[in-house]
Amino acid sequence: MREIVSTEWLNQNLSNSSIIILDASITTGANGKEFKKFDLTIPNARFFDLQNVFLDKTSPFPNTIPKPEQFELECRKLGINKDSEIVVFDNNGIYSSPRVYWLFKVMGHQKISFVDGGLPDCIEKRFQTEKKRIKTIEIGDFEVQFNETLVVDFEWISINTIKKKFTIVDARSESRFNGIGKEPREHFKKWKN
């Protein structure tokens, strides 16, 4: 599978029964920006809930990677199998779908792609869409093969600030990175020194 597929490719492959389409749309971004909420999705898409399901709720930090056993269980509930070919999109074009792509790679699943342009591009090009609805899905047999080399923890980051073996890239704005910009996650204020 290709890592990135076009909306044209997706539209041509909607009837391909070997593909599972995941809708990774979110309502609010990391900067607190609210995204456009569509009542439409791509036909046969299953909702991959990054904001409430596919994260570690026991962590004090937002968006922490879920535990492998939790990820496996929730993927099975979505009818995902160990040999499924997965294509993921989101409502902001290409915002949250790459995270889902990465999560599957971390969990050892290689047959995953994300859609360039996502739902907005499908709507703009008048490709098939449907109203969002709850679907009955047969339980899958997805199995996690956790790849720990794709994840680092706070201690690893802390040591690297001294040893400088790797370059660390922070995707926040410069003002947030430097602690002078507004932090959209109010509860994070307590973590400042």
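The values are calculated or read from the model by the stated rules, or taken from the named source; none is laboratory data. Quantities reported herein were computed from a predicted structural model and do not represent experimental measurements. Cβ atoms come from the backbone with ideal geometry, glycine included; neighbour counts cover every protein chain shown. These area figures cover heavy atoms from the full protein model, side chains too; ligands, DNA and RNA do not enter into them. Shrake-Rupley method; radii C 1.70, N 1.55, O 1.52, S 1.80 Å.
If the segment from Asp141 to Lys67 were pulled out straight at 0.36 nm per residue, it would be longer than the present Cα-Cα gap by 24.9 nm. Only beta bridges with both residues in the chain are counted; by DSSP, about 20 percent of them are antiparallel. Residues Lys131, Lys77, sorted by accessible area with the largest first, give Lys131, Lys77 [1.4 Å probe; ligands and nucleic acids excluded].
Taking all protein chains together and a probe of 1.4 Å, list Asp39, Asp121 from the most accessible to the least accessible. Could you put the intermediate results ahead of the total?
On the way: Asp39 85, Asp121 30 Å².
From most accessible down to least: Asp39, Asp121.
Rg ratio for the stretch 1-84: its Cα radius of gyration over 2.2 N^0.38 Å, N being its residue count, equals 1.24. Quick one: among Glu143, Glu74, Glu130, which has the greatest mean-square fluctuation in a GNM of the chain with alpha-carbon springs under 10 angstrom? Residue with maximal mean-square fluctuation among Glu143, Glu74, Glu130: Glu130. Protection proxy ranking, highest mean first, for peptides 9-15, 136-142, 114-120, 92-98: 114-120, 92-98, 9-15, 136-142, where packing is the per-residue count of other beta-carbon atoms within 10 Å, averaged.
When both the stretch 145-182 and the stretch 69-95 are represented by their alpha-carbon centers, they are found 26 Å apart. Averaged over residues, the count of other Cβ atoms within 10 Å places the peptides 174-181, 48-55 in the sequence 48-55, 174-181, highest first.
Over all other residues within a Cβ to Cβ distance under 13 Å of Phe146, the charged ones net out to -2, with Lys and Arg as +1 and Asp and Glu as -1.
Near the amide H of Phe54, within less than 5 Å, lie the amide hydrogens of Asp49, all on another chain or at least 5 residues away, with H placed in the peptide plane. Provide the FRET efficiency to the nearest 0.05 for the Ser59-Ser15 pair, computing r from the beta carbons and using R0 = 30 Å. According to the calculation, E is roughly 0.15. For Phe38 and Ser6, what does the FRET efficiency come to when R0 = 22 Å and r is the distance between their Cβ atoms, rounded to the nearest 0.05? With a Förster radius of 22 Å, E is 0.70.
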